[in-house]
Amino acid sequence: MADRNTPRYTVPSLTTQQGAKVAAILQERLNSLTDLHLTLKHVHWNVVGPHFIAVHEMLDPQVDAVRAMTDAIAERIATLGTSPVGTPGALVAARTWDDYSLRRASAIEHLGALDEVYEGVITAHRKAAKDTEPLDDVTNDLLIGHLHELELFHWFVRAHLESAGGDLSTAGATTEKGAAQKAAAGTRSTSTRSTKAAPKTAAAKTTAGRTTTARKKK
């Protein structure tokens, strides 16, 4: 009896077994990207704080682009002769990761968590691209194209978390909540340093002013 996951036909030059293998890899990416575009929209709705509007408006183009990626992947699965599955129940049953852990939170906390989200998605997408390379050039090319955009979006997120010296406030974090906390702590630390530096700068200017005045009197 034939495996019900093996298509009756697939694209030219691939065996039906190869088509099924590529489609299975793509289904995992479909689940991941569907989850990502819903997560990005969730953050769009729940971000608050001083950087609200910048982050709120930055995320919608990412939502649209990731949603377009899911459509391209689903259509490639169908082209390979199998059925793409996009129902919520199937996604939840198949996923190997937990639900996004933040609700209403500051922009910097959500960006910290998204740094962790994007890192996981991109790492898995790179593996999928590598796994499809010997099987199907078209699918491999599709995934590499997605990586270009996903890594660009990740850079947008990380630019908010990076110091002038190039250090990421989320460095070393392994969970979304941990990354969110490190990002928030990094912002507080920067704010504290700026506050402490301000009086010294003012004092220096005052001293310089007095010195200049004294010299004029002389």
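Listing for the model above:
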| quantity | calculated |
| --- | --- |
| Every pair of residues 6+ apart whose Cβ atoms lie under 6 Å, when the first sits in segment 151-180 and is among the polar types (S, T, N, Q) while the second is open to solvent by less than 70 Å² (accessible area, probe 1.4 Å) and at pLDDT below 95 | Ser169/Gly186 |
| Counted residues, segment 100-154 - those being crowded, with 20+ Cβ neighbours inside 10 Å, closer than 19 Å to Ala23 by Cβ and touching a Ser or Thr at 6+ places or on another chain (Cβ under 8 Å) | 4 |
| Within segment 98-149, considering residues that are touching a strand residue (DSSP E or B) at 6+ places or on another chain (Cβ under 7 Å) and assigned to a helix (DSSP H, G or I), the one nearest to Leu38 (Cα to Cα) | His110 |
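Rundown of residues vs (1) open to solvent by 40 Å² or more (accessible area, probe 1.4 Å); (2) in contact with a Leu (Cβ under 7 Å, 6 or more places away or on another chain); (3) in a helix (DSSP H, G or I); (4) under 27 Å from Leu135 (Cα atoms), yes/no style:
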residue: Lys21; (1), (2), (3), (4): yes, yes, yes, yes
residue: Glu57; (1), (2), (3), (4): yes, no, yes, no
residue: Met69; (1), (2), (3), (4): no, yes, yes, yes
residue: Ala74; (1), (2), (3), (4): no, yes, yes, yes
residue: Gly89; (1), (2), (3), (4): yes, no, yes, no
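The values are calculated or read from the model by the stated rules, or taken from the named source; none is laboratory data. Keep in mind the model is a prediction, meaning the values are calculated, not measured. So basically every Cβ, Gly included, is an ideal-geometry build from the backbone, and we count neighbours across all protein chains shown. Surface accessibility is based on the protein's heavy atoms, side chains included, excluding ligands, DNA and RNA. Shrake-Rupley method; radii C 1.70, N 1.55, O 1.52, S 1.80 Å.
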